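First the structure, in the form of structure tokens, and then the observations on it.
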Amino acid sequence: AHPYFAVRGLTPETVAEFGLGFCNKGSMTGRVVIPIQNAEGQLVAYAGRWPGTPTGDTPKYRLPPGFKKSLELFNVHRAIKTDPSQPLIVVEGFFDCMKLWQHGLKRVVGLMGSTLSPAQVQLIVKHTNGESRILLMLDEDDAGRAGCGQALQCLAPKAFVKAFRFPKE
């Protein structure tokens, strides 16, 4: 029931589905924690997000030492259980992924950054085929645009890929 979840527009049902919480001790003290599972649904790490804007040199996100986010896709274990005729939506962040899931787009994964790694490409290829459609919805900042171009190059030979551009406000 941490107020940050409401600030991010998450419903209690989404908070429960994704197992979100708030940490009072250890390396994630003072952070909202986000469980990360692999494709088999096994817990492999927790990401810690500072609620709100961090001050000073406090990083916005913290991952456990030794965890390689480039080897996983956030929410892949849920996405691969959904209708494979639906496009696989690829976003950058945890909250992007959860918000789309909350709005009924269940076949969505998060890169946990703006770059698609070779291991993430292999995960996507493993759970899609030549008939699959992939929709890239990365952020409209410089890193997101660069990551989108890189992802298009990596994935286009393997599936139909479309990059979604958000209109400027």
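The values are calculated or read from the model by the stated rules, or taken from the named source; none is laboratory data. Note that the structure is a prediction, hence the values are computed from the model and not measured. Quick reminder, even Gly has a Cβ in these numbers, built from the backbone with ideal geometry, and neighbours come from all protein chains shown. Note: areas computed on protein heavy atoms with side chains; ligands, DNA, RNA excluded. Shrake-Rupley method; radii C 1.70, N 1.55, O 1.52, S 1.80 Å.
Ranking Val44, Thr14, Thr29 by how far each Cα lies toward the positive end of the dipole of the chain (charges on Cβ) leaves Val44 at the top. Legend: Rg and Dmax of the chain, from Cα coordinates, 15.8, 48 Å.
Assuming charge only on the beta carbon of Lys and Arg (+1) and of Asp and Glu (-1), the dipole of the chain about its Cα centre is about 160 debye to the nearest 20. The charge dipole of segment 1-65, taken about its Cα centre with unit charges on the Cβ atoms of Lys, Arg (+1), Asp and Glu (-1) only, comes to about 260 debye. When peptides 20-28, 132-140, 99-107 are sorted by average Cβ neighbour count within 10 Å, with the highest value leading, the order is 132-140, 99-107, 20-28. Computed from backbone phi with θ = phi - 60° and the Karplus coefficients 6.51, -1.76 and 1.60, the 3J(HN,Hα) list for segment 6-22 is 5, 4, 7, x, 8, 7, x, 5, 5, 4, 5, 4, 8, x, 6, x, 10 Hz; x is used for glycine and proline. Heavy atoms only, probe 1.4 Å: what % of the accessible area of the chain goes to carbon and sulfur, would you let me know? That share works out to 57 percent.
Working from label points 7 Å from Cα in the Cα-to-Cβ sense, the Cys23 to Leu43 distance is 1.2 nm. Per residue, the chain exposes 54 Å² of solvent-accessible protein surface, assessed with a 1.4 angstrom probe and all protein chains in place.
Secondary structure note: in the chain, about 50% of the DSSP beta bridges are antiparallel.
Between Arg133 and Leu88, the built amide H atoms are under 5 Å apart, and every one of these is 5 or more places off in sequence or on another chain. In terms of distances greater than 25 angstrom between alpha carbons, the cross-link table entries Lys25/Lys99; Lys99/Lys162; Lys25/Lys81; Lys60/Lys99 yield Lys25/Lys99; Lys25/Lys81. For the chain, the mean residue ellipticity at 222 nm estimated from helices alone is -7500 deg cm²/dmol, where every DSSP H run of n ≥ 4 contributes -39500 (n - 2.57) and the total is divided by all residues, rounded to the nearest 500.
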